[in-house]
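Participant: Below is the structure I would like to discuss, written out as structure tokens.
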Amino acid sequence: MNSCNMSILRHQGAWLLVYLFLIAPLVAVSDCRSAAALEPQPAGQADPRQMKFPPVTLNPPEPERLVLDNGMVVYLLEDHELPLVTVSATIRTGGWMDPPDKIGLASLTGHTMRTGGTQRTSAPDFDQELERLAMVLSVSIGVESGVAMLDVLKKDFDHGLALLADVLRRPRFDPARVELAKLQAREAIRRRNDQPQSVASREFAKLLYGPSHPFARETSMESIARVTREDLIGFHAATFHPNGILLGITGDFDKSSVLKTLHELFDDWPPGQTPRMTTPAIEPADSRQVRFVGKPISQTHLRAGHLSLKETDPDYPALVLVNDILGGGSFRSRLFQDVRTKQGLAYSISSVLRGGIYERGVWGMRTETKTASTQQVIATLVANLERLREQPVTDAELEEAKEAFVNSFIFSFASPASIVNRRLQLEYDGLPKDFLQQLRDKVMTLTKEDLLRVARDQLHPERLKILAVGPSDTARVLAGFGEVKEIKLDPEG
């Protein structure tokens, strides 16, 4: 995955839509242009095919940054197109702080902050108030951070912001809602082995980082059972402080009115000791590892890759382009053309690069294929890796990858909310506000030699972590890539 989150078409029906709405009209237009080319242009009329246009420039609006006296960072960006306001908060907390025997504590805290009411409003009354005013308010806590969101009509903005402040500052953690959240978590654990895609991604993370690392460890029936309401209250008190919150407000609002409301809601909230994310050391693995999960399904769900770079690494921009050429560029990528178009071994195949911030990122490939073709797919991946390490990419591939990156760049600035959310995340991660622009500029200066060097330095076929979820025969076909060890899943998930 590149840093601008390019997506890939995977559904068969999309082909028909692409043809009906894109390809067919282009064919018709092409025929018309061919015919028009045979007709003489009227005197004095310029040929549109020869017209020149200045390059398109992107100048997104700049949000205003403010800091309240208690350390809360606020970004403001007005947008008066619709009578709506969006508020987003990024909070310095996260599941990385979960005690080893209470994995899931942070996630349950975020969930029940929203569903469990506040000290001023009971859980049922809070739900009814949101429904009455058509507000959307959510809180969640992931591994690296917490996020709170509010979507509200302009006329109800002050009231909605007050409800959000109440949730952030004074959650009730209603005992009945806490127990309901724990029941829902246990039910999710029971079902999480039902989907082979989820099993593959989960076990692949363990293979990369180790099962006890915050990026790979998972909840269990026992860990959820150990979490108490008092634990939730304590986790909230320890990690939710105004100086650990970055608040973004976009939409149809008046700045002076918003600042007045913010001071009324947050000024009496004293700052606290905010946690900074740390992760345990990862044991280096310089050899290939092959793992297998047996499930009675009709095909193999395959993952292969290894740990990669942080986004701040000097080699990261070049590796973004290398990955795009290999498998990140959808239909035009080498893996797609080789595995699907030429060999017909899989409907979809892609490679993903996720740059890390607090920990090393991941480069990997994913696909689904028949058990009998699993070995051939892996061999094709290895062959393409070796080719990238031995031969420069073509001029056309380099230019297409650069163009794709620049075109995807716009999606980080598609709306005022996306602009502010990006700024929140960059500041949370300790990156400069023009980090994406710097990345884009570096990408545009790269050469084929740069990509060849980075492919040799950062792609390692001999260190691949290979994981397959599939029928029992899959283990046999994996044997050609190393010693195969089977992973036994917990029957409860």
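FYI, it's all coordinate maths here, none of it is from the lab. Given the structure is predicted, the values throughout are model-derived calculations rather than measurements. Neighbour counts are summed over all protein chains in view; Cβ atoms, including those assigned to glycine, are modelled from backbone coordinates with ideal geometry.
Participant: Relative contact order of the chain, please, whole-number percent, based on alpha carbon pairs below 8 angstrom and at least 6 residues apart. Working shown, then result.
Facilitator: Values: 818 pairs, mean separation 104.3, N = 493.
So the answer I get is 21 percent.
Participant: Just want to confirm a number: the relative contact order over the range 64-266, from Cα pairs under 8 angstrom separated by 6+ residues, in percent.
Facilitator: 38 percent.
Participant: Report the percentage of all Cα-Cα pairs in the range 64-266 whose separation exceeds 30 Å, rounded to a whole percent.
Facilitator: Details: 5705 of 20503 pairs.
Cα-Cα pairs in the range 64-266 separated by more than 30 Å: 28 percent.
Participant: How would you order 343-353, 194-204, 316-326 from highest to lowest mean count of nearby Cβ atoms within 10 Å?
Facilitator: Result, highest mean Cβ count within 10 Å first: 316-326, 343-353, 194-204.
Participant: Structure shown: which of Lys342/Lys370; Lys155/Lys433; Lys295/Lys485 lie over 23 Å apart, alpha-carbon to alpha-carbon?
Facilitator: On the way: Lys342/Lys370 16 Å; Lys155/Lys433 32 Å; Lys295/Lys485 15 Å.
The answer is Lys155/Lys433.
Participant: Need the C-alpha centroid separation for the range 208-277 versus the range 76-90, integer Å.
Facilitator: With the range 208-277 and the range 76-90 each reduced to a Cα centre, they are spaced 21 Å.
Participant: If you line up the Cα atoms of the chain on their principal axes, what length do they span on each, largest first, in Å?
Facilitator: Reported extents, whole Å, longest axis first: 73, 71, 40.
Participant: Still on this structure: Using a simple charge model, +1 on the beta-carbon of Lys and Arg, -1 on the beta-carbon of Asp and Glu, nothing else, what dipole does the chain show about its Cα centre, in debye to the nearest 20?
Facilitator: 1360 debye
Participant: So what are the three principal axis dimensions of the range 76-177 from its Cα atoms, in whole Å, longest to shortest?
Facilitator: Per principal axis, max minus min of the Cα coordinates gives 48, 30, 17 Å.
Participant: When a/c is below 1.5 the answer is rounded, else prolate if a/b is larger than b/c, else oblate, so apply that to the range 408-493 with a ≥ b ≥ c taken from the square roots of the Cα gyration tensor eigenvalues.
Facilitator: Judged from the Cα gyration tensor, the range 408-493 comes out oblate (a/c at least 1.5, b/c at or above a/b).
Participant: Mind listing which trypsin sites (Lys or Arg not before Pro) in the range 251-319 are in a DSSP loop and have 16 or fewer other Cβ atoms within 10 Å? Please report the intermediate quantities before stating the final value.
Facilitator: Working: sites: Lys255, Lys260, Arg276, Arg288, Arg291, Arg303, Lys310; in loops: Arg276, Arg288.
The qualifying sites are Arg276.
Participant: For the range 425-483, which chymotrypsin sites (Phe, Trp or Tyr not before Pro) are both in a DSSP coil and crowded by at most 15 other Cβ atoms within 10 Å? Don't jump to the answer; show the numbers that get you there.
Facilitator: On the way: sites: Tyr428, Phe435, Phe481; in loops: none.
Taking the range 425-483 and a limit of 15 other Cβ atoms within 10 Å, no loop chymotrypsin sites (Phe, Trp or Tyr not before Pro) are found.
Participant: Another question, then. Amide H to amide H under 5 Å from Gly482: which residues, 5+ apart in sequence or cross-chain, H placed 1.01 Å off N in plane?
Facilitator: Residues meeting the amide H criterion: none.
Participant: Divide by every residue of the chain the summed helix terms, -39500 (n - 2.57) for each DSSP H run of at least 4, and state the resulting mean residue ellipticity at 222 nm, rounded to the nearest 500 deg cm²/dmol.
Facilitator: Values: 17 runs with 196 residues, N = 493.
Computed mean residue ellipticity for the chain: -12000 deg cm²/dmol.
Participant: Let me ask another. Could you tell me what percent of the DSSP beta bridges with both partners in the chain are antiparallel, to the nearest 5?
Facilitator: Taking every DSSP beta bridge with both residues in the chain, the antiparallel ones total about 75 percent.
Participant: If packing is taken as the average number of other Cβ atoms within 10 Å across a peptide's residues, how do 140-147, 453-460, 407-414 rank, most packed first? Walk me through the numbers before you get to the answer.
Facilitator: On the way: 140-147: 20.6, 453-460: 18.8, 407-414: 14.5.
Top of the packing list down: 140-147, 453-460, 407-414.
Participant: Considering the dipole of the range 85-134 built from charges on the beta carbon (Lys and Arg +1, Asp and Glu -1) around the Cα centre, which of Met113, Ser88, Gln128 is farthest to its positive end?
Facilitator: Final value for the positive-end residue is Ser88.
Participant: Now, a different point. Going by average Cβ density within 10 Å per residue, which order do the peptides 59-65, 171-177 take, highest to lowest? Don't jump to the answer; show the numbers that get you there.
Facilitator: Details: 59-65: 13.3, 171-177: 18.9.
Output ranking for 59-65, 171-177: 171-177, 59-65.
Participant: Can I ask one more? Would you give the gap between the C-alpha center of the range 112-169 and the C-alpha center of the range 289-340, rounded to a whole Å?
Facilitator: 39 Å
Participant: Pop out the ³J(HN,Hα) list for the range 60-72 in order, Karplus 6.51 cos²θ - 1.76 cosθ + 1.60 with θ = phi - 60°, rounded to Hz; leave Gly and Pro as x.
Facilitator: x, x, 9, x, 8, 9, 10, 10, 6, 4, 8, x, 5
Participant: Next question, about the same structure. Does the range 188-255 come out rounded, prolate or oblate by the C-alpha gyration tensor, with a ≥ b ≥ c the root eigenvalues, rounded set by a/c under 1.5 and, if not, prolate when a/b is larger than b/c and oblate if not?
Facilitator: prolate
Participant: Okay, moving on. Rounded to two decimals, what is the ratio between the C-alpha radius of gyration of the range 289-486 and 2.2 N^0.38 Å?
Facilitator: 1.09
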